[in-house]
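What follows is a short report on a single structure.
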Amino acid sequence: MPAVIAQARLTALRERLGERAVLTDPQQTAPYLTDHRKLYRGAALAVVEPSSVEQVQALLHWCNAQRIGVVPQGGNTSYCGGATPDDSGTQVVLSMRRLNRIRAVDAANFSLIAEAGCTLSSVQGAAAAADRLFPLSLGSEGSCQIGGNLSTNAGGTAVLRYGMTRDLVLGVEAVMADGELFCGLVALRKDNTGYDLRNLLIGSEGTLAVITAASLKLFPAIRTRATAWVSLPDPASAIALLGQLRQTSGDALTGCELAPQVALQLVLQHVPGTRDPGGAAAPWYLLVELSSSGEADLDALLEHTLARAIEEGVALDAVLARSLDQRKAFWKLRETIPEAQRAAGGSLKHDIAVPVACLPAFIERGAAIAARLAPEGYLVAYGHAGDGNLHFNLNQREGADEAAFLAREPALKRALHDLAAQMNGSISAEHGIGQLKVEELERYAPAAELTAMRRIKQALDPNNILNPGKVLRSRS
Ligand code: MLT
Ligand code: ZN
């Protein structure tokens, strides 16, 4: 873009948002221009940080008129490059960071209203202060933002009990492409009044509107928890134990996370402050957690169910967390697997889901595929067993050639995604499409769905200014 046009555009942005809200200094903008996996590096006309919804409206109104692409960004924790601009230098990154107020907490209605830039942990904290629970829980909760969670329909570790982000939202406030405000911050459990714009915007990754605030569902605060680290012979045992725990606990099972021995070893090796949880070393582990808002003796219940599972040969061993610190230590072992993987070198990631009962078959067949198509790597398949969602990742073997390993990606991805599709699964269970999986979506989504998505995009964002090229290929 000619410098004179860029300067004029920057002046216009400053007029609308104020000097402080328009960042152009490369040192300041750099963190916004790359994703946290370092897969993408973009450029931008500016990074803008509005401090009010009116400013977001003014921004979109102007960008729509000028046909300037806007890339909304929350905590920048996307695994799919969903918040990184392209390299043209003509787009504007819209950071939601300063829109970070909890607007209201209504304990009696079990709801709260948070602005998009609130970190997930601050939303959890606001709920807790009112003796309520906001159950969405992710490894990145200290930095990811609720607007990003909604935009990507984030999953995490409590989906089994409480559902995906979509299931936790009562209403949204959003700015449409032309700057019009959609005031949909209802706090109703029931509202059957026409098309559900809220649910259309959730999971649309900033391509249909910019979510500025959300009305969120709260739940009774948790009073008791029981957590165990369970050693297992194989993934089939994990699924058997999942069923037993759901049945015997009165559906109090909140977390059910699967990890292989190699993931535990990576964490112990690379993440400071972690230690072996104890119990028998085993090929697989399951981190299970029961929770209740009542006074039930969940420890006894969990102990009883696990003892029976060990007797029956479903589990090999189990260690119950006897203190809050021990519980946190177990969760740290699970939540830092991505960090340990990163520290261990190059990795190839796949976020697949299959019906829960198919997980063992997926692991067996997927492992054979990985061994055949990526011999320079080793499998680190872990994730949310209770949801049928695995991060079917590979790490580079020590001494293997990195370029050769990474070159395996396309064929491996194709084979694993084909396998997931054969099992009626998903190629992106919880990480979204972003820019990483646009072609994958084109390949695996039903034709009628793609047609409908393109028509919806055309209708709501006719000038293609909202996160262009994410989810759907940009129209030329
Ligand atoms: C997780 O469950 O730890 C995250 O979704 C990250 C990952 O894919 O590794
Ligand atoms: Zn996950």
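The values are calculated or read from the model by the stated rules, or taken from the named source; none is laboratory data. Everything numeric in this text was worked out from a predicted model, so none of it was measured. No Cβ is skipped: glycine too gets one built from the backbone with ideal geometry, and neighbour counts run over all protein chains shown.
Answer with yes or no whether residue 345 is at positive phi and surrounded by fewer than 22 Cβ atoms within 10 Å (Cβ to Cβ). Full working, then the answer.
Working: at positive phi: yes; surrounded by fewer than 22 Cβ atoms within 10 Å (Cβ to Cβ): yes.
So residue 345 fits the description; yes.
Being crowded, with 17+ Cβ neighbours inside 10 Å and of a type in the set (D, E, K, R) is the filter here, so list the residues in segment 275-291 that pass it. It would help to see each step written out before you state the result.
Going residue by residue through segment 275-291, those that are crowded, with 17+ Cβ neighbours inside 10 Å are 277, 279, 282, 284-291.
Across segment 275-291, the qualifying residue is only 289.
Just one of (1) away from ligand 1 (no atom under 16 Å from the Cβ); (2) surrounded by fewer than 20 Cβ atoms within 10 Å (Cβ to Cβ); (3) more than 14 Å from residue 204 (Cα to Cα) fails for residue 409. It is (1).
Just one of (1) more than 30 Å from residue 44 (Cβ to Cβ); (2) part of a helix (DSSP H, G or I); (3) away from ligand 2 (no atom under 16 Å from the Cβ); (4) of a type in the set (Gly, Ala, Ser) fails for residue 386. It is (3).
On the basis of being more than 12 Å from ligand 1 (Cβ to nearest atom), in contact with a Gly (Cβ under 6 Å, 6 or more places away or on another chain), assigned to a helix (DSSP H, G or I) and not polar (S, T, N, Q), does residue 362 make the cut? I'd like the intermediate steps shown before the answer.
Values: more than 12 Å from ligand 1 (Cβ to nearest atom): yes; in contact with a Gly (Cβ under 6 Å, 6 or more places away or on another chain): no; assigned to a helix (DSSP H, G or I): yes; not polar (S, T, N, Q): yes.
Spelling it out, it is not the case that residue 362 is more than 12 Å from ligand 1 (Cβ to nearest atom), in contact with a Gly (Cβ under 6 Å, 6 or more places away or on another chain), assigned to a helix (DSSP H, G or I) and not polar (S, T, N, Q).
Return the residues of segment 275-291 that are within 20 Å of residue 332 (Cβ to Cβ), of a type in the set (A, V, I, L, M, F, W, C) and part of a loop (DSSP other than H, G, I, E, B); say none if nothing qualifies. First the steps, then the outcome.
In the first step, residues of segment 275-291 are kept if they are within 20 Å of residue 332 (Cβ to Cβ); the result is 275-279, 281-282, 284-291.
Remaining after also requiring of a type in the set (A, V, I, L, M, F, W, C): 281-282, 284, 286-288, 290.
Those that are within 20 Å of residue 332 (Cβ to Cβ), of a type in the set (A, V, I, L, M, F, W, C) and part of a loop (DSSP other than H, G, I, E, B): 281, 282.
Cβ-Cβ distances below 6 Å connect the following pairs, each with a first residue in segment 346-360 that is of a type in the set (A, V, I, L, M), a second residue that is away from ligand 1 (no atom under 15 Å from the Cβ) and part of a loop (DSSP other than H, G, I, E, B), and a separation of six or more residues or different chains: 352/425; 353/425; 354/423; 354/425.
Contact map, segment 225-244: residues that are closer than 20 Å to residue 278 by Cα paired with residues that are of a type in the set (S, T, N, Q) and in a strand (DSSP E or B), Cβ distance under 6 Å, separation 6+ or inter-chain. Pairs shown: 225/291. You will find that of 344, 400, the residue that is within 23 Å of the chain's Cα centre (by Cα), more than 16 Å from ligand 2 (Cβ to nearest atom), modelled with pLDDT under 95 and within 27 Å of residue 266 (Cα to Cα) is 344 and no other.
Residue 300: assigned to a strand (DSSP E or B), modelled with pLDDT of 95 or more and either of a type in the set (A, V, I, L, M, F, W, C) or out of contact with any Gly (no Cβ under 8 Å at 6 or more places or on another chain) (or both), yes or no? Can you show your working first?
Values: assigned to a strand (DSSP E or B): no; modelled with pLDDT of 95 or more: yes; either of a type in the set (A, V, I, L, M, F, W, C) or out of contact with any Gly (no Cβ under 8 Å at 6 or more places or on another chain) (or both): yes.
In short, no.
Pairs meeting the criteria (first residue in segment 318-335 and within 17 Å of residue 271 (Cα to Cα) and of a type outside the set (Lys, Arg), second residue within 16 Å of ligand 2 (Cβ to nearest atom) and in a helix (DSSP H, G or I), beta carbons under 7 Å, at least 6 apart or on different chains) are 333/267.
For segment 318-352, give me the residue count where each residue is in a loop (DSSP other than H, G, I, E, B) and touching a strand residue (DSSP E or B) at 6+ places or on another chain (Cβ under 8 Å).
Start the filter on segment 318-352 by keeping residues that are in a loop (DSSP other than H, G, I, E, B), which leaves 321-323, 336, 344-346, 349-350.
Those still in the list that are touching a strand residue (DSSP E or B) at 6+ places or on another chain (Cβ under 8 Å) too: 321, 344-346, 349-350.
So the answer is 6.
Quick check on this structure: which one of 95, 137, 88 is within 16 Å of ligand 1 (Cβ to nearest atom) and of a type in the set (S, T, N, Q)? Break it down into steps so the answer makes sense when it comes.
Values: 95 fails: within 16 Å of ligand 1 (Cβ to nearest atom); 88 fails: within 16 Å of ligand 1 (Cβ to nearest atom).
Selected residue: 137, the only one of 95, 137, 88 that is within 16 Å of ligand 1 (Cβ to nearest atom) and of a type in the set (S, T, N, Q).
For segment 434-449, the set of residues classified as under 25 Å from residue 182 (Cα atoms) and out of contact with any Ser or Thr (no Cβ under 9 Å at 6 or more places or on another chain) consists of 449 only. Residue 294 fulfils the conditions (1) exposed (fewer than 15 other Cβ atoms within 10 Å of the Cβ); (2) more than 22 Å from the chain's Cα centre (by Cα); (3) not in a loop (DSSP other than H, G, I, E, B) except for a single criterion, (3).
Checking the condition among the aliphatic types (A, V, I, L, M), outside any helix (DSSP H, G or I) and more than 19 Å from residue 159 (Cβ to Cβ), which residue from 394, 412 passes?
On the way: 412 fails: outside any helix (DSSP H, G or I).
Checking each option against the conditions leaves just 394.
State whether one or more residues within segment 322-329 are modelled with pLDDT of 95 or more and surrounded by 20 or more Cβ atoms within 10 Å (Cβ to Cβ). Steps first, answer last, please.
Going through segment 322-329, the residues modelled with pLDDT of 95 or more turn out to be 322-329.
From what is left, the residues that are surrounded by 20 or more Cβ atoms within 10 Å (Cβ to Cβ) are none.
Taking every residue of segment 322-329 in turn, none turns out to be modelled with pLDDT of 95 or more and surrounded by 20 or more Cβ atoms within 10 Å (Cβ to Cβ).
The set of residues in segment 423-449 that are in a helix (DSSP H, G or I) and either within 16 Å of ligand 1 (Cβ to nearest atom) or surrounded by 15 or more Cβ atoms within 10 Å (Cβ to Cβ) (or both) comprises 438, 440, 441, 444. Quick one: would you say residue 198 is more than 16 Å from ligand 1 (Cβ to nearest atom), within 24 Å of residue 433 (Cβ to Cβ) and outside any loop (DSSP other than H, G, I, E, B)? Taking the combined requirement at face value, the residue satisfies it.
Yes/no matrix, rows are residues, columns are (1) closer than 19 Å to residue 116 by Cα; (2) within 16 Å of ligand 1 (Cβ to nearest atom):
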{"residue": "155", "(1), (2)": "yes, yes"}
{"residue": "166", "(1), (2)": "yes, no"}
{"residue": "170", "(1), (2)": "yes, no"}
{"residue": "176", "(1), (2)": "yes, no"}
{"residue": "179", "(1), (2)": "yes, no"}
{"residue": "182", "(1), (2)": "yes, no"}
{"residue": "188", "(1), (2)": "no, no"}
{"residue": "206", "(1), (2)": "yes, no"}
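Of everything in segment 1-30 that is polar (S, T, N, Q) and assigned to a helix (DSSP H, G or I), the residue that is nearest to residue 92 (Cα to Cα) is 29. Scanning segment 382-392 turns up no residue that is surrounded by 14 or more Cβ atoms within 10 Å (Cβ to Cβ) and over 23 Å from residue 137 (Cβ atoms).
Let's see how each residue does on (1) surrounded by 17 or more Cβ atoms within 10 Å (Cβ to Cβ); (2) part of a strand (DSSP E or B):
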site: 228; (1), (2): yes, yes
site: 241; (1), (2): yes, no
site: 247; (1), (2): no, no
site: 251; (1), (2): no, no
site: 255; (1), (2): yes, yes
site: 273; (1), (2): no, no
site: 313; (1), (2): no, no
